[in-house]
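K.L.:
Below is one structure. I have some questions about it.
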Amino acid sequence: MPLIAFRKEGGAEGRSAFLPEFRQERGAEVDFASGFLRGKTVLLINGGWGGAFLLSTLNRYGARVSMIERPEKISGTLLELERIGLSQDDFVLEIPGTGERFQLAEEIEAVIEACGTIDILIQNLLPFPPSRPAERLDRLEWEGVISEKLHQTFQVDLLLARHFMAHGGGRIIHVVSSIPRAGLPFQAAAAAATAAVENLTRSLAYEWGRTGLRVNTLAYGHIDTPQAREHFWATPQQRERIEETIPLGHLASQDDVIGPLLFLCSDASAYLTGTTVTVDGGVGLKQIDLG
């Protein structure tokens, strides 16, 4: 744990009179061998749409892993975890009650009690709601998506930030899709929430940096998951049409996208905060083909 020195801070109304100033270790040389995350506890929010694979990989690299999953998603997530070789004995699981949609304080406390601490928070925001034309999106649907993807993200960040600050720092990683940046038809609410989360990342990183807390976003492009195969490229023709938009020419496998996450979880990223790491095969670069 880093030493803490306090400096007096005057000025802006509402700002703390004393801000903790951490004398921390600089970025370390990291050997990304099996076990390099040993001693770290990771909490994942939402194991669907690739989250289960992230959880199992972090476990394979030595992290103690835990997850909070929605009641309506838990059966599918557990089946996916079992398919990739992670049994329920290998991680701590908390399932909020149906009336606790965005209030996860008790579940987070239960994870901390079971694991002793949390070092890394990963919030997986990848799933999109059902597609709907913007003009048919009613207020309840809009507010539901914004609440799920933005309000909950901030509330969980806030709950864990207090824990991290009391224990010398930590890491928050928001996992989002990079696709809405160019505009995503029939996903107006999800696109708006994703953009908001990226800017929330920058704001929190700036505000909490001196507490030893790092906040970053990991933005994925088209990942070839079982769920994506079912919903987005169920036929070879659909897959080919998507791959034509990717400069690297192919969809990402789950193995393609794990490296940047391991980097953000490691001490190699000690001097990185407020950043969006984009892993999309260059799809965000291609605006118009004049060839």
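K.L.:
Taking the condition crowded, with 19+ Cβ neighbours inside 10 Å and under 27 Å from E230 (Cα atoms), does F128 pass?
P.N.:
The answer is yes for F128.
K.L.:
Another one. Across the range 82-138, what is the number of residues that are under 20 Å from V197 (Cα atoms) and modelled with pLDDT of 95 or more?
P.N.:
Going through the range 82-138 one residue at a time, the tally reaches 4.
K.L.:
May I pose another question? Can you say whether R181 is out of contact with any strand residue (DSSP E or B) (no Cβ under 7 Å at 6 or more places or on another chain), modelled with pLDDT under 90, charged (D, E, K, R) and buried (at least 16 other Cβ atoms within 10 Å of the Cβ), as far as the supplied structure shows?
P.N.:
yes
K.L.:
Let me ask something else. Please go through the range 258-287 and pick out each residue that is touching a helix residue (DSSP H, G or I) at 6+ places or on another chain (Cβ under 9 Å) and either loosely packed, with under 11 Cβ neighbours inside 10 Å or among the β-branched types (V, I, T) (or both).
P.N.:
Of everything in the range 258-287, those that are touching a helix residue (DSSP H, G or I) at 6+ places or on another chain (Cβ under 9 Å) and either loosely packed, with under 11 Cβ neighbours inside 10 Å or among the β-branched types (V, I, T) (or both) turn out to be I258, T273, T275, T276, V277, T278, V279, V283, Q287.
K.L.:
Still on this structure: Looking only at residues that are of a type in the set (A, V, I, L, M, F, W, C) and touching a helix residue (DSSP H, G or I) at 6+ places or on another chain (Cβ under 6 Å) in the range 139-153, which one is farthest from E198 (Cα to Cα)?
P.N.:
In this case the residue turns out to be W142.
K.L.:
Would you please list the contacts, defined by Cβ atoms under 6 Å and residues six or more apart or on different chains, that run from a residue in the range 66-91 that is over 15 Å from V42 (Cβ atoms) to a residue that is surrounded by 12 or more Cβ atoms within 10 Å (Cβ to Cβ) and among the charged types (D, E, K, R)?
P.N.:
Filtered contacts from the range 66-91: T77/E69.
K.L.:
So for the range 142-163 (the condition being in contact with a Pro (Cβ under 9 Å, 6 or more places away or on another chain), farther than 30 Å from D267 by Cβ and in a loop (DSSP other than H, G, I, E, B)), does at least one residue qualify?
P.N.:
Looking for residues that are in contact with a Pro (Cβ under 9 Å, 6 or more places away or on another chain), farther than 30 Å from D267 by Cβ and in a loop (DSSP other than H, G, I, E, B), one finds none in the range 142-163, hence no.
K.L.:
Sort out which residues of the range 34-49 are outside any strand (DSSP E or B) and closer than 20 Å to S269 by Cβ, and write them in order of number.
P.N.:
S34, G35, F36, L37, R38, G39, K40
K.L.:
How do the pairs read when you match residues in the range 95-106 that are closer than 13 Å to K73 by Cα and hydrophobic (A, V, I, L, M, F, W, C) with residues anywhere that are surrounded by 13 or more Cβ atoms within 10 Å (Cβ to Cβ) and at pLDDT 70 or above, using Cβ under 7 Å and keeping only pairs 6 or more apart or on different chains?
P.N.:
Within 7 Å, the pairs are I95/E69; I95/I74.
K.L.:
If you don't mind, another one. Looking at (1) assigned to a helix (DSSP H, G or I); (2) modelled with pLDDT of 95 or more; (3) out of contact with any His (no Cβ under 7 Å at 6 or more places or on another chain), can you tell me which one V197 breaks?
P.N.:
The number of the failed condition is (3).
K.L.:
With (1) more than 14 Å from the chain's Cα centre (by Cα); (2) crowded, with 17+ Cβ neighbours inside 10 Å; (3) under 18 Å from L104 (Cα atoms); (4) not β-branched (V, I, T) as the list, and L160 as the residue in question, which single condition is left unmet?
P.N.:
Checking L160 against (1) more than 14 Å from the chain's Cα centre (by Cα); (2) crowded, with 17+ Cβ neighbours inside 10 Å; (3) under 18 Å from L104 (Cα atoms); (4) not β-branched (V, I, T), the one that fails is (1).
K.L.:
If you take just the helices (runs of 4 or more DSSP H) that sit entirely in the range 215-291, which of them hold at least 3 residues that are at pLDDT 90 or above?
P.N.:
Numbers: elements: 226-231, 236-243, 254-265.
Counting at least 3 such residues, we get 236-243, 254-265.
K.L.:
Looking at the range 206-223 only, could you name the residues that are crowded, with 18+ Cβ neighbours inside 10 Å and either under 22 Å from G259 (Cα atoms) or of a type in the set (D, E, K, R) (or both)?
P.N.:
L213, R214, V215, N216, T217, L218, A219, Y220, G221, H222, I223
The values are calculated or read from the model by the stated rules, or taken from the named source; none is laboratory data. Just so you know, these numbers come straight off a predicted model, no measurement behind them. Cβ sites come from the backbone with ideal geometry, for glycine too, and all protein chains shown count toward neighbours.
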